[in-house]
Structure formats: structure tokens, C-alpha cells
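Notes for the one structure printed next.
The values are calculated or read from the model by the stated rules, or taken from the named source; none is laboratory data. The model shown is predicted, which means the values in this text are computed figures rather than measured ones. No Cβ is skipped: glycine too gets one built from the backbone with ideal geometry, and neighbour counts run over all protein chains shown.
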Amino acid sequence: MKPARLVNGFMTVGLWTLVSRVMGFARDMMIAAYLGTGPIAEAFLIAFSLPNMFRRFFAEGAFNMAFVPMFSKRLESGDDPNGFARDAFTGLATVLIGFTVVAMLFMPALVLLMASGFAGDERFELSVLFGRIAFPYILFISLAALLSGVLNSAGRFVAAAAAPVLLNLFFISALVIGDLLGWDTGLTLAWTVPIAGFGQFALVWMAAKRAGFTIVPKRPRLTPDLKRLAIIAAPAALAGGVVQINLLVGRQVSSFFDGAVAWLSYADRLYQLPLGVVGIAVGVVLLPELSRRLRAGDTVGGRDAFNRATEFSLMLTVPAAAALVAIPVPLVETLFERGAFTDKDTLNTALAVAVYGLGLPAFVLQKSLQPLFFAREDTKRPFYAALFSMVVNAGLAIGLSAQIGFIAAAVGTTLSGWATVVVLWVWSRGYGDAATFDTRLKKRAWRILLSSVFMGMILWICSDILHMFFEMMGLKELALLLLIFLGFLSYFGIGQTIGAFQLSEIKGFVRRRQR
């Protein structure tokens, strides 16, 4: 894959992820307006997070990190990639069906594991009910993730990247229809989860079929390839389990503070926008690309792919982080403060947004560093890095909660993210030139940081003035739009001037994409 095509892949995945995240904001704005941060909202957020937690364990995490390199190499050599994908699909479906049944039976224990602060109040019973309804989502979305890995390995990114849009379309439609018909909002949201998951699965299955991969399950059998897949996936599964422990720690800490589960969830949505648009795009495109380069013995091409992915990540996420730190209150107030969402909710959510913003570059850099290991079928060292991250996160989140309250969960997440980056970077030195920064990246990285700092200062200075002026006219949304436009102009203007990037390169990528 040439650099231009590599960046086009980033842009394709990033664009569709942006559409999904924007629609996700619309969804969360509606949920916040209907439910605020009350017990039904917190119960649904915990119930929805349960299948998503295990989804990262089974799908985007352990299984796909092992499956994509093996499938990419088979695709490159023509060694029956469809048969391998079919066997993997059957094996994953078999495991997930059994796991789903067990999880639904033991849902009360899972809810306590996620949020023991709910014990003894109405949030617990609601979470158990909503969790049992929503949990089958894991089956559909994990199989959809496997099919997405097939498509991405074949260089077909559109359907897999567009599938999450369906989830938000289903949610928005269900909320509107449910409100018109007088349905219970909590139950409506819970039932929408598995229905939307099936819709996502159907979309990518049809796309895979059009791409020439007809993947239909058959009687499960443990082939030598699946044994190797399991062996490679095991350390990644352990790493995925450690990551989920980090999430559990944050949920547990926040569950002991009324409203904190919702505050952190809404803040998570804000920083997940740039993380999803850039981080997911880089991870999805870079892993199969590095796997192909390694098989071809192309060290120079692999190094270039790694550097361009890192440059792309920094160029878009460092300014996003600066904006989240500089103007969290206008962001949260404009997006969420309406209906049942109060000004107290705004201030607490904004605090979490700023803390998460400080960790945003770390979360995205992990997406650039991890493929260096996974493409070489090295899943052990990412596990050890995740284990170290877990210790840092738990120590900070639990240790600081008595002093600084719910925000300790966000502090732990951010600092453990940077700790993981440091560990992965040190260990990647063993891969030699293939994992080193080239001259172009070294030249541009500090300029990107400088441009972002200046942009953040401009936003911070102008935010109060614009907000005060437009709020008097009832146009705070316009104030936020002007701030975003001002940030865009200042960042790209300063960046172009000091050489952080070349706008002509970006325009060239866009023109190639349009063709």
C-alpha cells in the first residue's frame, strides 16, 4: 500500500467514524435530555457497557489482533483465506453463544462487578433487567468485528467503518418513536441494543459476500490453524482482560458518587470523538498493512507506514486534546445541558473532559505502537504493558478517590495511558529501523505541539467573550461553532506557517480520495 493509499485508508475510516461519533453525540444529547444523570440513565449506561466491555475482549481486542495478521498473510499468499475466516467465524460464534447464555444467567453478579455502588437501590434491579436484554449484542457485534477484519485486510474499509452509524440511527429512531408512542425510555433503549447489533452484522456480512468472502458457519472443529490462532490470541486476551479491569476500576469508583457514572460516560463520548476518528482509523488500516509489509520483507515500507500513521495521529489529536482542555465547559454546556441535564452536571462532566483530554494523544499513540507488535504475532509484550497500566490505573483511581472524588477515575485512566505509551515505545526499540521515527516526523512533531498550544490559548481567551455575547441572544450554539472555526483557522494557519504540516499534502490526499 503506497503512502497516499495508506492515508486514504485513514481518511475513509476516519470520515465514517466521524459521522458515527457525531450521530452518537445526537444520541447522547437525546438520552441526556430525556434521562439526565438519574437512576434510569445510570442503569442503562452500565447495562450497555457490559456487552461493550466483553466485545472489546473478544472482538476488537484479543481475537481480531490475532486474526487480522494471520488472515492478511493468507490473503497475500492465496492460501484459502475464505476457509480460514469461516473456521474462525464458526469457532467465535460457538464460544459467544455459550458465553451469552451464562452471562444472562449471572447478570446480577456482573452488575455488582461493574458497579457495586448500585447495591441496595433501584439502579441495581434496573441494570440487571436492562443488561439481560442488551447482552446478546455481544454476539452480533463480535461477529461483525471479525467480518470487518476480513474487509479491512482486503483494503475495503467503507462498510466496516460505516456499520457503527447504524447503531446510532437505531437509537435515535427508537427514542423518537418511543416518545411518540409513550414507550418506557429505559426499556426502549435496552431492546434497541441487540436489534442494532444484528443490523451492523447484516451490513458487513453482505459487504464481505460482495467482496468474494461468503462466510457461512458450519459444524465447529478445532483445526491446526485455529489452535495457532488461540495460542497467539491468548496473551492478547489476557491483555484485553487487563484493559477491562481498568474500565471496571473506573466504573466502581464512579458508582459510589451519585451521577458520576453518567458524568464520566458523557465525558467519554467527547474524547472518544477524536480518539475514534483518528485512533481507530490508524489501528484498522495500519495492522494489515504492516502484516503485508513484513511478509514481503519490506522494512523501509513498514517504517514509512508506521511514521505516517504516527504523524497523522499527532496532527489531528494533539490540537483536539488542546481544545478539550481549553474549552470543556462550552463544549459540555452546548452539547448536553438541556432538559434533565443541569449546570452541576455540566461542570462535573467538563472537569472529566479536560482530564481525559490530557490523555488523548497517549490513547491514540497506543494505536500506532501496538500494531508493531501484533503484526509480528507478538501479543505477549502488549499484555505486560497492559498489566503495568492496570497497576498504575488502579493505584491512582482507588488511592486518590478519597481525596479528589470521582475525578480520580479519569486521572487514573489518563496517567496509565501515558505509562502504556512509554512502555510500548521502549520495548519497540528491539525491532530496529522498522520502529524508529524518521526525519520528517521528528521535524514536524514539536511543531504540531507548538501549533496546538497556541491554538488552545486562543480558544481559552476567546471562549468567555464569545459565550457571554451570544448567550445574551440565546445563541450559545453559534458561539461554540465560531470557537471551533477559530480553532481550526488558528491551528492550520500557525501549523502551515511554522512547518508542522503542508496543507498542499492534505489537499492532495482529499483530491485523490474524491477520485
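Looking at T342, T379, T334 in this structure, which one is crowded, with 22+ Cβ neighbours inside 10 Å and more than 17 Å from the chain's Cα centre (by Cα)?
Details: T342 fails: crowded, with 22+ Cβ neighbours inside 10 Å; T334 fails: crowded, with 22+ Cβ neighbours inside 10 Å.
T379 is the lone residue from the list that is crowded, with 22+ Cβ neighbours inside 10 Å and more than 17 Å from the chain's Cα centre (by Cα).
Can you pull out every residue in segment 161-197 that is in contact with a Lys or Arg (Cβ under 8 Å, 6 or more places away or on another chain) and either farther than 13 Å from G24 by Cα or surrounded by 21 or more Cβ atoms within 10 Å (Cβ to Cβ) (or both)? Outline the logic, then answer.
Looking only at segment 161-197, we keep the residues that are in contact with a Lys or Arg (Cβ under 8 Å, 6 or more places away or on another chain), and these are 168, 171-172, 175.
Passing the criteria: F171, L175.
Looking at (1) on the phi > 0 side of the Ramachandran plot; (2) at pLDDT 80 or above, can you tell me which one G120 breaks?
For G120, the exception is condition (2).
Could we say that A402 is without any contact (Cβ under 8 Å) to a residue 40 or more places away in the chain and within 20 Å of the chain's Cα centre (by Cα) here? Before the answer, list the steps.
Working: without any contact (Cβ under 8 Å) to a residue 40 or more places away in the chain: yes; within 20 Å of the chain's Cα centre (by Cα): no.
For A402, the condition - without any contact (Cβ under 8 Å) to a residue 40 or more places away in the chain and within 20 Å of the chain's Cα centre (by Cα) - is not met.
Kindly list, by first and then second residue, each pair from a residue in segment 26-55 that is in contact (Cβ under 8 Å) with a residue 40 or more places away in the chain and within 13 Å of R123 (Cα to Cα) to a residue that is hydroxyl-bearing (S, T, Y) and in a helix (DSSP H, G or I), limited to pairs with Cβ atoms under 6 Å and residues at least 6 apart or on different chains.
Listed by first residue and then by second, the contacts come to A43/S127; L45/S265; I46/S127; A47/S127.
In segment 92-144, which residue that is of a type in the set (V, I, T) and over 22 Å from P220 (Cα atoms) is surrounded by the most Cβ atoms within 10 Å (Cβ to Cβ)?
First, pick out the residues of segment 92-144 that are of a type in the set (V, I, T): 94-95, 97, 100-102, 111, 128, 133, 138, 141.
Remaining after also requiring over 22 Å from P220 (Cα atoms): 111, 128, 133.
On the way: V111: 27, V128: 21, I133: 20.
For segment 92-144, the residue satisfying everything is V111.
Scan segment 422-435 and give yes if some residue there is under 30 Å from I31 (Cβ atoms), in a helix (DSSP H, G or I) and modelled with pLDDT of 85 or more, otherwise no. Walk me through how you get there before you give the answer.
Step one: filter segment 422-435 for residues under 30 Å from I31 (Cβ atoms), giving none.
So far as segment 422-435 goes, no, none of its residues is under 30 Å from I31 (Cβ atoms), in a helix (DSSP H, G or I) and modelled with pLDDT of 85 or more.
Given T379, T349, which one is among the polar types (S, T, N, Q) and within 30 Å of L480 (Cα to Cα)?
On the way: T379 fails: within 30 Å of L480 (Cα to Cα).
None of the others qualify; the one that does is T349.
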